[in-house]
Amino acid sequence: MPTKIEKTPLFLIGQNRRGNWVATMKHGLTGGLFINRAAALKFALFENGNHPEAVVAVPGVLELDLGTNAMGADALAA
């Protein structure tokens, strides 16, 4: 039976190449760009139900990639 932490979405936070702060769900389509680390962390904690143990700071470059599947192929074709 999965524990509570296993059900909690894992979020990554870090900076992209331009110096913007990024927060993104590890295996999902939720994320965003933020003006500072505090805002990225606040978003990640809000989205994961206030579980700081499920937020990982990435030491290198972290790019926000929601992928083409975020909107679906039909929406892109329109």
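Does THR24 meet the test of being at pLDDT 95 or above and under 10 Å from the mean Cα position of the chain (by Cα)?
Numbers: at pLDDT 95 or above: yes; under 10 Å from the mean Cα position of the chain (by Cα): yes.
In short, yes.
Using the structure shown, decide if GLY14 is surrounded by 12 or more Cβ atoms within 10 Å (Cβ to Cβ), touching a Leu at 6+ places or on another chain (Cβ under 6 Å), part of a strand (DSSP E or B) and at pLDDT 95 or above. So GLY14 fits the description; yes.
The values are calculated or read from the model by the stated rules, or taken from the named source; none is laboratory data. It should be emphasised that the depicted structure is a prediction, and the values quoted were computed from it without experimental measurement. Cβ: placed from backbone, ideal geometry, glycine included. Neighbour counts: every protein chain shown.
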